[in-house]
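Here's the structure, in structure tokens; my notes come after.
Derivation of every value follows stated rules applied to the coordinates shown; laboratory data play no part. None of the values given here were measured: they were computed from a predicted structure. Neighbour counts run over all protein chains shown; Cβ positions are idealised from the backbone, glycine included.
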Amino acid sequence: MKLFFAPGACSLAAHILVEETALSCTLVKVDLASHKTEHGDDYTKINPKGYVPALQLDSGDVLTEVGVVLQYLSDQKKDLHLMAAAGTLERYHQMEWLNFIATEVHKQFSPLFRPDSPAQTKEQHTKILGRRFDFLSDHLAKQPYLAGQAFTAPDAYLSTVLGWSHHVKIDLSPWPRLTDYLARVRARPAVLKAMKSEGLIK
Ligand SMILES: N[C@@H](CCC(=O)N[C@@H](CS)C(=O)NCC(=O)O)C(=O)O
């Protein structure tokens, strides 16, 4: 398998699961501005949508969309319980989290990264994120991870996007449960390994 990633992007969530599962997977860095891989190949030939992540299977098939890539990786090592079994209510709740993170958290950050976003747009999105953080903080008052007592795939995704806060100058200190959660997830050896390998930490 090959995981196409950009350092610190949402592809980090998939990279974390590659480390958690210890699956055999080659990491290929993509320059999102030029759409070239680190080997000089045209990335749009792999993922015509142009964005990361993309997971190329040994068969040549390519899976895209964070929530799907995370489920695929989790399903390769079922004994790790990174996702519950397909068809169970627990699985649907985890998919609910993946969808919530993708649409209600990840995509609310996107305009904050764009240098040409008007100040008013940035303010609106920061406000929406604040409401999402309130909800997440209330949820994490009941349990240490999104789906309960154990780390699962949605935590790889949420920790990745929460980690963007300081880049876009959102102070997480009003949500101490979220800063505690981030520290808890980032203490995992697989998360540290993925972050180190992307050059995000020393
Ligand atoms: N819907 C996509 C969104 C992926 C996405 O937003 N990727 C960003 C990095 S976090 C990216 O590659 N942006 C560059 C671009 O859109 O050209 C998914 O779930 O995978």
Cα gyration tensor shape for the chain, rounded if a/c is under 1.5, else prolate or oblate: oblate
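Where Lys and Arg each count +1 and Asp and Glu each count -1, what net charge lies around THR37 among other residues with Cβ under 14 Å from its Cβ?
Details: positive: LYS2, LYS29, LYS36, LYS45; negative: ASP31, GLU38, ASP41, ASP42.
Summing Lys and Arg as +1 and Asp and Glu as -1 gives 0.
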DSSP-defined antiparallel bridges as percent of all bridges, the chain, nearest 5: 70 percent
Integer Hz, Karplus 6.51/-1.76/1.60 couplings in order for segment 137-146, x for Gly and Pro: 5, 4, 5, 6, 6, 8, 7, x, 10, 4
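Step through the table entries LYS78/LYS202; LYS78/LYS142; LYS2/LYS196; LYS29/LYS196, compare each Cα-Cα distance with 24 Å, and write down the pairs that go over it.
Details: LYS78/LYS202 31 Å; LYS78/LYS142 26 Å; LYS2/LYS196 19 Å; LYS29/LYS196 14 Å.
From the list (LYS78/LYS202; LYS78/LYS142; LYS2/LYS196; LYS29/LYS196), the Cα-Cα distance tops 24 Å for LYS78/LYS202; LYS78/LYS142.
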Packing-based exposure ordering (other Cβ within 10 Å, fewest first) of PHE5, PHE133, PHE113: PHE113, PHE133, PHE5
